[in-house]
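This report concerns only the one structure given below.
The values are calculated or read from the model by the stated rules, or taken from the named source; none is laboratory data. These numbers come from a predicted model, not from an experiment. Using ideal geometry, Cβ is built from the backbone for each residue, glycine included, and neighbour counts are taken over all protein chains shown.
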Amino acid sequence: MSRIGKRAVTVPAGVTANIADGQLSVKGPKGTLSLSLRDEISYTLDDGGISVQPANDSKQARAFWGMQRTLVQNLVTGVTDGFTKKLLITGVGYRAAAQGRNLKLQLGYSHDVNIDVPTDLEVKTPDNTTIEISGADKQKVGQLAAEIRRWRKPEPYKGKGIKYAGEFIFRKEGKKK
């Protein structure tokens, strides 16, 4: 039994959910998100929420149960509150600047790194060493954050690079004489 899957996803006021043609679409103040439904799982819209149950007793249905419930929860949370990832840049001369739908990074290369921001995401730079990515779709927010981080991962000796806020970088001791 999935402990996560047993609980129904509550749909707050101002959010509408609809199941049609194998798609669950959720509409709220931050936009509309949809999820393609699995055949192994049965989804029901109740008066106060969405419940997710395995359609049969197979091992695969039980395996998808908790994950599908979490994906439904992410849709509801995304259209109400949205998701945010914060990246921190550490290093001398490393900086970031948001310019419209473009993010300009200076990361010690001989050239600037320009990253195009998708239309449904928003990127802010409160200062030149902090990047805040926000949007309704959790997967897209995390994917953009991972692509930005991939340009200069934090190294273990000085900790220089791009890291997530709250991420612990294991530090190594340098050479000894």
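Here are some notes:
- Some residue of the stretch 135-153 being in a strand (DSSP E or B) and either touching a Phe, Trp or Tyr at 6+ places or on another chain (Cβ under 6 Å) or not assigned by TED's automatic domain parsing to the domain that holds residue 71 (or both): yes
- Checked against (1) farther than 30 Å from residue 3 by Cα; (2) modelled with pLDDT of 95 or more; (3) under 14 Å from the mean Cα position of the chain (by Cα), residue 96 passes all but condition (3).
- Wholly within the stretch 82-134, strands (runs of 3 or more DSSP E) carrying at least 3 residues that are closer than 30 Å to residue 72 by Cα: 83-90, 121-124
- No other residue among 49, 82, 31, 91 is surrounded by fewer than 16 Cβ atoms within 10 Å (Cβ to Cβ) and not polar (S, T, N, Q) apart from 31.
- All conditions but one from (1) under 30 Å from residue 34 (Cβ atoms); (2) at pLDDT below 95 apply to residue 164; the one that does not is (2).
- Test: residue in the stretch 55-76 that is of a type in the set (Ser, Thr, Tyr), surrounded by fewer than 20 Cβ atoms within 10 Å (Cβ to Cβ) and assigned to a strand (DSSP E or B): no
- Residues of the stretch 29-50 classified as touching a residue at least 60 places away in the same chain (Cβ under 8 Å), within 12 Å of residue 76 (Cβ to Cβ) and either of a type in the set (S, T, N, Q) or not in a loop (DSSP other than H, G, I, E, B) (or both), total: 1
- Looking across the stretch 16-28 at every residue that is surrounded by fewer than 17 Cβ atoms within 10 Å (Cβ to Cβ) and among the β-branched types (Val, Ile, Thr), the one that is nearest to residue 75 (Cα to Cα) is identified as 16.
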